[in-house]
1. No solvent, one uniform scatterer per C-alpha: report log10 I(q)/I(0) for the chain via the Debye equation at q = 0.07, 0.10, 0.11 1/Å, two decimals.
2. Would you please name the trypsin sites (Lys or Arg not before Pro) within segment 73-135 that are DSSP coil residues with at most 16 other C-beta atoms within 10 Å of their C-beta?
3. Cα gyration tensor of segment 113-192, axes a ≥ b ≥ c as square roots of the eigenvalues: rounded (a/c below 1.5), prolate (a/b > b/c) or oblate?
4. Taking amide H positions as placed in the peptide plane 1.01 Å from N, state which residues far from residue 190 in sequence (5 or more) or on other chains have amide H under 5 Å from it.
5. Using only the C-alpha atoms of segment 61-204, find the volume of their convex hull and express it per residue in Å³.
6. Evaluated at 10 °C with a viscosity of 1.306 mPa s, what Stokes-Einstein diffusion coefficient in µm²/s does segment 66-110 have when Rh comes from the Kirkwood expression over alpha-carbon pairs?
7. Rounded to whole Hz and in sequence order, give me ³J(HN,Hα) for segment 7-14 from the Karplus expression 6.51 cos²θ - 1.76 cosθ + 1.60, θ = phi - 60°, writing x for Gly and Pro.
8. Give me the log10 of I(q) over I(0) for segment 39-140 at q = 0.11, 0.17, 0.18 Å⁻¹, as the Debye formula computes it from C-alpha points; what are the numbers?
Amino acid sequence: MTSEFPYIDHFPGLKDRPFTLLPDPDFLYMSQQHKRAKAILEYGLFSRAPVTLLTGEIGAGKTTVLQSLMRDFSSDITVGLISNVQGGRGELLQWVLHAYGQVLEDKADYVVLFKQFQDFLIEEYARGRRVILMVDEAQNLSAEGLEEIRMLTNINANKDEVLQLVLVGQPELRDIIRRPEMRQLAQRITASFHLKAMQEEDVHDYVRHRLIVAGATGDEIAAAAISKIYAVTQGVPRLINQICELALFYAWSANASAVTPAVVQEVLNDEIVFAIQKDRADNSPELEKP
């Protein structure tokens, strides 16, 4: 018996949690939206765009796209990833250096740190390697922080740019970049994509995919139940996972062989997901009121 998640033993073949919120490459599912987003990022990177931008709502699957992208990188690419960073001048650069495994001098000032990063980029360029810096949750950076990141792309070697940026964030990141004082950054963005939520057909495939990867048949959540989940979540993967996980618990507790629309409604009636229901109710005419 898997005490923490007893529904795993309830459904034949199920070996793992299909709908954990933690990123897991084994469960990676690329909807048409995610595939398109990845294609735009690939275009930006391999066309040597100085800055590539990916935005999307919370839980839309931006991390999923980044995971898939990094999986396909060739061995001659050096990638640094920073996320949720804040701070004043110099602190951001320290995070960038850490992302590439650089050892920092004690109490080094900004000029020394910048020289260290410049030397690192030139060395990678001399070795025939491309350097990419990915900034996740970039909407948390101030305008000054984004400008500091942009200035790193000014480092050149033999007239070639030696650093490419991928900025990833929530929709407000676009609003920040549209400000007049951010025009220099905006002008350097030559590839961008806004990731929308999944369509209903994708949600059905997504739910079945995750169940099958976890060892089940894919029929543990009925098609009508998935349609109801789509109506509530409007195709946002994180919300889908939350409801599906709870629905499996509810089906186990009722000794049901599958999640039905009635089980989903029981989950929605519970105060645990009341916030989800409240946020989505206005745009979800199929949602029954508790």
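Just so you know, all these numbers are worked out from the coordinates, no wet-lab data involved. This one's a predicted model, so the numbers in the text were calculated from it and none came from an experiment. As a convention, Cβ positions derive from the backbone with ideal geometry for all residues, glycine included, and neighbour counts pool all protein chains shown.
1. One equal scatterer on each Cα of the chain leads to -0.34, -0.64, -0.74.
2. Numbers: sites: 89, 107, 115, 127, 129, 130; in loops: 89, 107, 127, 129.
For trypsin sites (Lys or Arg not before Pro) across segment 73-135 that sit outside H, G, I, E and B with at most 16 neighbouring Cβ atoms in 10 Å, the list reads 89, 107, 127, 129.
3. In terms of gyration-tensor shape, prolate.
4. 51
5. Looking at segment 61-204, the number lands at 130 Å³ per residue.
6. In µm²/s, the coefficient rounds to 129.
7. 5, 4, 7, 6, 9, x, x, 5
8. With no solvent term, the Cα-only Debye profile gives -0.38, -0.90, -0.99.
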